[in-house]
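Let me begin by presenting the structure, written as structure tokens, before commenting on it.
Every read-out reported here was derived from the displayed coordinates using simple, explicitly stated rules and does not represent laboratory data. Predicted model, so just to flag it, every value in this text is computed and none were measured. Don't worry about glycine lacking a Cβ; one is built from the backbone with ideal geometry, like all the others, and counts go over all protein chains shown.
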């Protein structure tokens, strides 16, 4: 389900109100709500926040747990969007005056 589809379903099934009434209560334009519900336009975070507050929800960013992060990396890699790997830093030399190869 898309974000817009979720908004429409929540508005209709949970609240049972028209777009016009919901837009007024959310302090956004009916056009903004209509575009959101059909996944067009480019809603601002303020618009999304106004809409989801009416359902008792908030918009937030969250860290993925390692399992989800690895799954996302695998999906990106399979889709041709390889995620660059990070090479761990070389540990400090136990002999600080000894030249390091490549320097």
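Measuring nothing but alpha carbons in region 3-53 and taking Rh as the Kirkwood radius, the Rg to Rh ratio lands at 0.90. Look at 22, 52 and count the other Cβ atoms within 10 Å of each Cβ; fewest to most, that gives 52, 22. Taking the fewest neighbouring Cβ atoms within 10 Å as the starting point, the ordered list for 2, 47 is 2, 47. Residues 54, 75, arranged from fewest to most other Cβ atoms within 10 angstrom of their Cβ, appear as 75, 54.
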